[in-house]
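The values are calculated or read from the model by the stated rules, or taken from the named source; none is laboratory data. All values derive from a computational prediction rather than experimental measurement. Virtual Cβ from ideal backbone geometry, glycine too; neighbours counted across all protein chains shown.
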Amino acid sequence: MTAFRGLRFAMVTTFYPPYHFGGEAIFVRRLAHALVRYGHQVDVIHDADAFFVLGSGAEPEPLEEPAGVKLHRLRSRFGTLSCLLTHQTGFPIVHGHRIRSILQDGDYDVIHFHNVSLVGGPGILSYGQGLKLYTAHEHWLLCPTSMLWRHNRENCTKKECFKCPLHYKRPPQLWRWTGLLEKNLRHIDAFLTPSTFTAMKHAELGFPRKFEVLPYFLPDSEPDDDSTTSPVQKTPITPYFLFVGRLKMYKGLQDVIPLFGSSAPADLLIAGTGAGTGNYEAELRQLANDKPRVRFLGRLTPSELRRYYEGAIALVMPSIYFETFGIVVLEAFREGTPVIARNRGPLTEIINSSGGGLLFNTVNELREAVDCLARDPTLRTRLGEAGRQAHRTLWSEPIILPRYLALIKQVATQRGFTRVAAKIDGKLETKNAD
């Protein structure tokens with residue numbers, strides 16, 4: 001039997017498909033699968049308790065993982081208490097022994113922490129040996145709600161971290177005033193984030209460590225294994241704009257729906273749900289009651305989403321809060337579909353670097369962008385092709401995965417992890433030869 005010569009990765013995250021609500025979990029899965037394709041092995045430690053506490057409680061259909069990915073799903077009969085204890089103490093009280101055992105016994109070369117808010121808090125960063133990475137998929141390092149969305153109604157311009165969680169019906173995290181986070185940051189060898197904006201926002205708000213920017217990526221193809229299907233199976237014949245995302249106030253859809261009355265130049269199709277903490281879906285449906293051109297599709301499978309992206313005039317990305325990236329923009333670009341995005345945060349960064357869409361600041365500018373793309377198919381094609389090309393050259397797996405591994409090699413060399421650096425060189429040579 002040939003000895004395994006790749007790296008052993010541990011991905012530690014609160015959410016992992018199908019036990020998830022958003023894009024960061026999908027990215028972790030894509031990263032794990034890509035690493036396997038590059039000849040490495042990946043163990044994923046994730047907290048199913050958090051999914052059931054924050055979601056509907058329904059058991060999702062399992063997803064198939066490739067050989068080389070091993071899942072460690074944390075589940076206990078103390079689900080709500082487990083999450084509450086982690087949230088309040090900053091340590092994985094219920095699952096801590098199991099997590100520590102997995103990380104100690106796994107002989108991992110790289111431990112990559114992602115969203116650790118409910119899987120272990122800052123205390124988990126000290127667990128295990130090997131090179132350690134942390135990716136800020138959200139603003140949790142700065143913000144107890146992870147979104148810099150103060151009082152659940154506005155962008156955070158002045159931190160009020162004791163009062164703010166109360167508006168989310170959560171208790172304040174007193175450990176944030178104890179130095180626990182700062183103490184445990186020293187265990188991390190490199191901090192990553194998907195956008196320059198997010199790195200700058202952390203620096204602006206006083207985060208003491210430097211971030212390396214490593215954008216998200218999309219694989220060339222992926223299985224249609226989403227467990228939730230939609231009753232809508234075929235894309236419509238009439239022209240339409242598309243929204244994809246969670247139905248939350250901070251996603252800004254309330255600014256879009258009023259533009260799609262009976263005289264609108266196209267339909268508005270909404271793919272998403274209000275799953276997770278809080279629910280703004282009822283308010284959005286009420287807003288659309290007298291808008292016959294607005295349709296709610298629910299959640300779609302990956303193959304259905306790709307068809308809807310491909311057929312749309314444009315994806316509308318109206319987020320009000322500070323996104324950290326916006327992976328649905330890449331999904332639209334992959335299908336040659338342009339994007340209309342609010343001129344805010346990393347969305348500005350993505351549109352400006354790709355040339356694949358239009359930015360807006362006001363509702364009037366949004367209306368003008370919708371009318372312009374609906375009536376000018378040549379412009380739509382030009383912007384869509386620019387987005388498609390940007391996806392290939394900036395945000396595809398063959399571009400980002402080697403950057404990820406090169407970054408690990410650089411940090412490993414600096415920290416004296418010579419075995420890690422050597423294994424990366426060997427696997428990259430094998431991949432290039434293939």
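Can you name the residue in region 225-254 that is of a type in the set (Gly, Ala, Ser) and either modelled with pLDDT under 95 or not in a loop (DSSP other than H, G, I, E, B) (or both) and, of all such residues, is farthest from SER319 (Cα to Cα)?
Within region 225-254, the first condition is being of a type in the set (Gly, Ala, Ser), and the residues that meet it are 227, 230, 245, 252.
So of that shortlist, the ones also either modelled with pLDDT under 95 or not in a loop (DSSP other than H, G, I, E, B) (or both) come out as 227, 230, 245.
Details: SER227: 26, SER230: 24, GLY245: 10 Å.
Step by step, filter region 225-254, then rank; the result is SER227.
Run down ALA412, ALA421 and say which single residue is in the same structural domain as ILE111 (by TED's automatic domain parsing), in contact with a Ser or Thr (Cβ under 6 Å, 6 or more places away or on another chain) and of a type outside the set (Phe, Trp, Tyr). Working first, answer last.
Details: ALA412 fails: in contact with a Ser or Thr (Cβ under 6 Å, 6 or more places away or on another chain).
Result: ALA421 is the single residue among ALA412, ALA421 that is in the same structural domain as ILE111 (by TED's automatic domain parsing), in contact with a Ser or Thr (Cβ under 6 Å, 6 or more places away or on another chain) and of a type outside the set (Phe, Trp, Tyr).
Among the residues of region 96-107, is there at least one that is in a loop (DSSP other than H, G, I, E, B) and either in contact with a Lys or Arg (Cβ under 6 Å, 6 or more places away or on another chain) or among the charged types (D, E, K, R) (or both)? Yes, region 96-107 contains at least one residue that is in a loop (DSSP other than H, G, I, E, B) and either in contact with a Lys or Arg (Cβ under 6 Å, 6 or more places away or on another chain) or among the charged types (D, E, K, R) (or both).
When region 179-205 is filtered for residues that are part of a loop (DSSP other than H, G, I, E, B) and without any contact (Cβ under 8 Å) to a residue 24 or more places away in the chain, the ones remaining, listed by number, are GLY179, ARG186. Of everything listed in (1) touching a His at 6+ places or on another chain (Cβ under 7 Å); (2) modelled with pLDDT under 95; (3) under 22 Å from ARG209 (Cα atoms); (4) not charged (D, E, K, R), the single unmet condition for THR157 is (1). With the structure loaded, tell me whether THR362 is loosely packed, with under 14 Cβ neighbours inside 10 Å and within 20 Å of ASP267 (Cα to Cα) or whether it fails that test. Against the criterion (loosely packed, with under 14 Cβ neighbours inside 10 Å and within 20 Å of ASP267 (Cα to Cα)), THR362 does not qualify.
Of all residues assigned to region 173-181, at least one qualifies as being in contact with a Phe, Trp or Tyr (Cβ under 8 Å, 6 or more places away or on another chain), within 30 Å of GLU349 (Cα to Cα), assigned by TED's automatic domain parsing to the domain that holds ALA421 and at pLDDT 95 or above. Is there a residue in region 61-74 that is among the small types (Gly, Ala, Ser), touching a Leu at 6+ places or on another chain (Cβ under 6 Å) and at negative phi? The answer is no, given that none of the residues of region 61-74 is among the small types (Gly, Ala, Ser), touching a Leu at 6+ places or on another chain (Cβ under 6 Å) and at negative phi.
Answer yes or no as to whether ILE351 is without any contact (Cβ under 8 Å) to a residue 40 or more places away in the chain and either crowded, with 20+ Cβ neighbours inside 10 Å or part of a helix (DSSP H, G or I) (or both).
Working: without any contact (Cβ under 8 Å) to a residue 40 or more places away in the chain: yes; either crowded, with 20+ Cβ neighbours inside 10 Å or part of a helix (DSSP H, G or I) (or both): yes.
Spelling it out, ILE351 is indeed without any contact (Cβ under 8 Å) to a residue 40 or more places away in the chain and either crowded, with 20+ Cβ neighbours inside 10 Å or part of a helix (DSSP H, G or I) (or both).
Pairing each residue of region 130-144 that is free of Cβ contacts under 8 Å to residues at least 40 places away in the same chain with any residue that is of a type in the set (S, T, N, Q), provided the two are 6+ apart or on different chains, yields C-beta distances under 8 Å for TRP140/ASN115; TRP140/SER117; TRP140/SER146; PRO144/GLN173.
Condition check ((1) in a strand (DSSP E or B); (2) closer than 24 Å to GLU397 by Cα; (3) at pLDDT 90 or above) across all residues:
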residue: ALA10; (1), (2), (3): yes, yes, yes
residue: GLY39; (1), (2), (3): no, yes, yes
residue: VAL42; (1), (2), (3): yes, yes, yes
residue: PHE51; (1), (2), (3): no, no, yes
residue: PRO60; (1), (2), (3): no, no, no
residue: LEU71; (1), (2), (3): yes, yes, yes
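For the residues ARG344, ARG285, the requirement of being surrounded by fewer than 19 Cβ atoms within 10 Å (Cβ to Cβ) and either assigned to a helix (DSSP H, G or I) or in contact with a Phe, Trp or Tyr (Cβ under 9 Å, 6 or more places away or on another chain) (or both) singles out ARG285.
I want to confirm something. Restricting to region 49-101 and keeping residues that are over 19 Å from SER117 (Cβ atoms) and in contact (Cβ under 8 Å) with a residue 40 or more places away in the chain, which single residue is surrounded by the fewest Cβ atoms within 10 Å (Cβ to Cβ)?
Filtering region 49-101 down to residues over 19 Å from SER117 (Cβ atoms) leaves 56-71, 77, 97, 101.
Remaining after also requiring in contact (Cβ under 8 Å) with a residue 40 or more places away in the chain: 56, 60-64, 71.
Details: SER56: 11, PRO60: 16, GLU61: 11, PRO62: 12, LEU63: 15, GLU64: 7, LEU71: 17.
Going through the qualifying residues, I end up with GLU64.
Is it the case, given these coordinates, that PHE27 is in the same structural domain as ILE111 (by TED's automatic domain parsing), under 12 Å from the mean Cα position of the chain (by Cα) and assigned to a loop (DSSP other than H, G, I, E, B)?
Working: in the same structural domain as ILE111 (by TED's automatic domain parsing): yes; under 12 Å from the mean Cα position of the chain (by Cα): yes; assigned to a loop (DSSP other than H, G, I, E, B): no.
Against the criterion (in the same structural domain as ILE111 (by TED's automatic domain parsing), under 12 Å from the mean Cα position of the chain (by Cα) and assigned to a loop (DSSP other than H, G, I, E, B)), PHE27 does not qualify.
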